[in-house]
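Once you've had a glance at the structure underneath, I'll fire off some questions.
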Amino acid sequence: MSKLAVGIVGLPNVGKSTLFTALTKNEVLIANYPFATIDPSVGVVAVPDSRLATLSAISGSKEIIPAIIEFVDIAGLVAGASSGEGLGNKFLASIRETDMIAEVVRIFEDSDIHHVAGGIDPLSDIEVINLELILADAETVGKRLSNVERDAKRGDKGAEVEHGVLSRLLPHLESGKLANALGMNEEEQKLVKGLHLLTMKPFLYVCNKMTDGYNLDEQNDDRWVRLMEFFTNTGAEYVVVDAGMEHELKDLSDEEKNEFRREYGAQGSGVENLIRACYHRLGLMSYLTTGEKETHAWTVPVGSIGPKAAAAIHTDFEKKYIRAQVVSFDDLVTAGSLAKARELGKLRTEGKDYIVKDGDVIEFLI
Ligand SMILES: Nc1nc2c(ncn2[C@@H]2O[C@H](COP(=O)(O)OP(=O)(O)O)[C@@H](O)[C@H]2O)c(=O)[nH]1
Ligand SMILES: [Mg+2]
């Protein structure tokens, strides 16, 4: 599977770059990832997975290769971006190249850190940002709609379906909603995908707090209540993170980090949660391979069947796939070794229709 990138988006001064630096301190050995660029605003980040160390100990692996995702620090959003204001066009093009949007909003008060809107109100920030993305999409959809209109009138079946969905999508966008919130059937989704809309991407909202500061979520603040209502009403996913603290902790070991967070009552606001939430939001999971050479997490979409999953290792494996030997991570750990798991009948042979599960330890027979 090729790289998947998360765009970090938000108003100026909300903590995007602080978060990006904290995240990319987890940066994995670039040599393993030939697609990695030298662009300083792009970072390859390991997806935290404690199962890898456990498996590696069982197999005596020389190396651990984690799943990865890319994060991109996307600067330049201001109101008016969709009409080319500021770095508007470059900004939108950068987002278009990513697979999902992590939208950062500030939920702490600090008079020393200037906020462009003059005050802290995360919901209003979200409205400003989303409006720019929605306006850009509405323009794309409007243009496309007038093109398919002619073909639809001529009786072109594909154009009729596209015309149908775009006629619903345009007023939906114009009412301020994200494209990904419109109900569509599979065929309609496919057609709309071709337009590469910004708001068809999955969104994850990232609430940036400041430990020991005035945080809206700790004060039962009205602005927090309204934010939560918005998340509930739109079915949006969010995480809370302390970008500043994570930035300071970036050079510590995982154990030291957790110790520190416990001490400051900042558990659950680490970057690890954010990385995992993005992986999940992208619809991804990991299956694992393990041996003396390496223990390796492979990224596949949730619901992948055996041959598709095998293709993550090598594209040829999809065609060559015959069957797979599978044991769940838990069963393998309980057994203590692959040999013992086999003896206990926990090692299953699965055919071409097998739906791979997160944490499956697999050996493909090809
Ligand atoms: N203490 C603290 N400072 C933060 C936090 N997030 C951002 N900042 C500060 O806010 C300012 C703007 O952050 P930056 O990451 O450059 O914002 P960007 O414009 O969104 O990239 C910097 O001075 C950061 O140090 C946080 O969680 N805690
Ligand atoms: Mg920045």
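The values are calculated or read from the model by the stated rules, or taken from the named source; none is laboratory data. Just so we're clear, the structure is a prediction, and the values are computed from it rather than from any experiment. Neighbour counts run over all protein chains shown; Cβ positions are idealised from the backbone, glycine included. Remember, those area values only see protein heavy atoms, side chains included, never the ligands or the DNA or RNA. Shrake-Rupley method; radii C 1.70, N 1.55, O 1.52, S 1.80 Å.
With crowded, with 17+ Cβ neighbours inside 10 Å and modelled with pLDDT under 90 as the only criterion, which of L77, L87, L133 stands out?
One residue alone meets the criteria, L77.
Something else about it: How about region 270-286: which of its residues are open to solvent by less than 30 Å² (accessible area, probe 1.4 Å) and in a helix (DSSP H, G or I)?
Scanning region 270-286 gives V271, E272, L274, I275, A277, C278, Y279.
Being touching a Ser or Thr at 6+ places or on another chain (Cβ under 8 Å), aliphatic (A, V, I, L, M) and free of Cβ contacts under 8 Å to residues at least 40 places away in the same chain is the filter here; which residues of region 240-259 pass it?
The one that is touching a Ser or Thr at 6+ places or on another chain (Cβ under 8 Å), aliphatic (A, V, I, L, M) and free of Cβ contacts under 8 Å to residues at least 40 places away in the same chain: M245.
Let me ask something else. Identify, by number, the condition in (1) within 26 Å of the chain's Cα centre (by Cα); (2) in a helix (DSSP H, G or I); (3) of a type in the set (G, A, S) that G158 doesn't meet.
Unmet condition: (1).
Under the condition of being more than 29 Å from G119 (Cβ to Cβ) and part of a loop (DSSP other than H, G, I, E, B), which residue from region 172-201 is most open to solvent (accessible area, probe 1.4 Å)?
Checked region 172-201; the qualifying residue most open to solvent (accessible area, probe 1.4 Å) is H196.
Among T295, T289, which is the only one that is in contact with a His (Cβ under 7 Å, 6 or more places away or on another chain), surrounded by 16 or more Cβ atoms within 10 Å (Cβ to Cβ) and not hydrophobic (A, V, I, L, M, F, W, C)?
After applying the criteria, what remains is T289.
Scan A117, A159, A152 and give me the residue that is away from ligand 2 (no atom under 16 Å from the Cβ), among the hydrophobic types (A, V, I, L, M, F, W, C) and surrounded by fewer than 16 Cβ atoms within 10 Å (Cβ to Cβ).
A117
Now for a different question. When region 352-366 is examined, which residues are found to be part of a strand (DSSP E or B) and either more than 23 Å from the chain's Cα centre (by Cα) or at pLDDT below 95 (or both)?
V361, I362, E363, F364, L365, listed by residue number.
Oh, and also: What number of residues in region 202-221 are open to solvent by 50 Å² or more (accessible area, probe 1.4 Å) and closer than 15 Å to D125 by Cα?
Adding up the residues that qualify gives 0.
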